[in-house]
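Below is one structure, written out as structure tokens; the observations come after it.
Bear in mind these aren't lab numbers, they're just calculated from the coordinates by the rules spelled out. Quick caveat, the model's predicted, so the values are computed rather than measured. Backbone-built Cβ (ideal geometry, glycine too); neighbour counts: all protein chains shown.
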Amino acid sequence: MIRRSRWDDLENQLNKGALWAVTYGDLMSYLMIFFLILFSFSIAKTDKTKTRKYEESLGNIQSTFGGKLDKKRVDRAKVQENEDTVADKIKARMASSQMSGLVQIESNERRVMLVLTEAVLFDSGKADLKERAKEVLRPIAEELKKMPNDVLVEGHTDNQPISKGRYTTNWELSMARAYSVIKFLQETGMNPKKLAGIGYGDNHSIAENNTLEGRAMNRRIEISLLKTE
């Protein structure tokens with residue numbers, strides 16, 4: 001019994017002496033997690049397409065270690081996830097309505113942009129939406145109003161002078177067309193606080209104005225869903 005007691009005492013002393021290793025191991029684990037977070041953050045800053053994954057990972061780490069989740073960060077990650085899919089949803093709706101050829105959709109890290117030509121939306125020299133234009137814009141508006149993001153409408157024209165009609169300059173015409181689209185989007189239920197418009201006239205051409213095809217491409221409306229930072 002005496003020998004057994006002495007052995008137990010020795011084992012207890014050894015265990016007490018090794019407690020520092022437990023603390024040291026925890027410290028190393030926390031340091032590793034800290035540097036992994038810093039590394040992930042640096043990647044997210046240089047490649048915004050990875051920002052959402054970074055936000056989700058950080059939320060999971062906070063939850064795992066008993067931290068309080070940042071609701072704003074979680075909500076932002078959800079919005080970013082929806083931003084990644086809104087272009088596909090609009091494409092699907094346009095295809096189901098057999099109007100996919102009327103809208104060009106582009107997406108990058110800053111915005112989802114829809115490009116519609118003058119022929120789709122307006123008569124020459126006018127800013128009143130055609131009835132057919134409303135059919136094209138309605139499914140777009142239905143998807144955009146589900147998002148909390150700001151929406152920017154930009155009007156563009158070619159460089160041909162306006163000789164008659166209500167509008168005297170291309171700049172004036174481009175602003176009036178942008179407003180017509182904004183007004184329709186608002187009528188479909190979009191929050192007016194999220195809507196803004198700009199008229200560029202012929203100052204932001206995407207094609208040469210010395211051909212009929214080039215001028216037709218320049219006469220356009222761009223509707224952009226602005227992504228979160």
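Count charges around Q104 for me, please; just the other residues with Cβ under 12 Å from its Cβ, Lys/Arg as +1, Asp/Glu as -1. Don't skip to the end; give the middle numbers.
Working: positive: K91, R220; negative: E106, E222.
Net of charged neighbours comes to 0.
Ranking H156, H204 by Cβ neighbours within 10 Å, fewest first, what do you get?
H204, H156
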Quiz item: Hey, fewest Cβ within 10 Å first, where do S97, S107 land in order?
Solution: S97, S107
Quiz item: What GluC sites (Glu not before Pro) in the stretch 78-182 are in a loop by DSSP, with at most 13 other Cβ atoms within 10 Å of the Cβ?
Solution: E109
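What FRET efficiency comes out for M99 versus R166 if R0 is 30 angstrom and r is the Cβ-Cβ distance? Round to the nearest 0.05.
Numbers: r = 28 Å, r/R0 = 0.94.
About 0.60, to the nearest 0.05.
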Quiz prompt | Amide N proximity, the stretch 173-214 versus E142 label position 7 Å along Cα-to-Cβ, cut-off under 19 Å | solution = 184-191
Quiz prompt | Computed over the stretch 79-226: relative contact order in percent, which uses C-alpha pairs under 8 Å that are six or more apart | solution = 30 percent
